[in-house]
Amino acid sequence: MQPSTTYLPNPFAPVGYGVNDASPESYIDRPFTYLYDVVLTANEQLTGQAVAIDTDSDFLWRAVLIATADGLFTVRFADASNYYLSSSQISSAALSTFGGQPFPVVPEVLYPAGGKITLDITDVSADDNTIEIAFIGAKRFRYR
């Protein structure tokens, strides 16, 4: 049973604190994280990289975390329609590397089941760079 009042989560609160369920009627959201792993050579640039969304549910992207990186890089993300979310690539130094406080994505971005998160990524460390980016959010399941 869904609550009669819907509460919006505080996007600036660490996700570890938990928030009230803001699922729409007939849906239920469950926390989930997609990972993107890549090894870039010095100054390598990759465009159109994709993280596949499972076919069992939509994905609501709510935060991003640089889980590991050997050096600096820049990155630009796109939504489900392949529209970029920024005018140029963003430095990895501007994104969170602390698991307790990932960088919030406000408003959240919806990726449909079977879709993909698209990104462009460029090494700027002038050395080999092993990177893992965590896309933190929720899988949205329909239950009726």
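We did not get these values from a lab; they are worked out from the coordinates using the rules stated. Note that the structure is a prediction, hence the values are computed from the model and not measured. So basically every Cβ, Gly included, is an ideal-geometry build from the backbone, and we count neighbours across all protein chains shown.
So the values come out like this:
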| item | result |
| --- | --- |
| Lys, Arg +1 and Asp, Glu -1 on Cβ, resulting dipole of segment 25-142 about Cα centre, debye, nearest 20 | 420 debye |
| 10 Å beta-carbon shell around residue 70, net charge (K/R +1, D/E -1) | -3 |
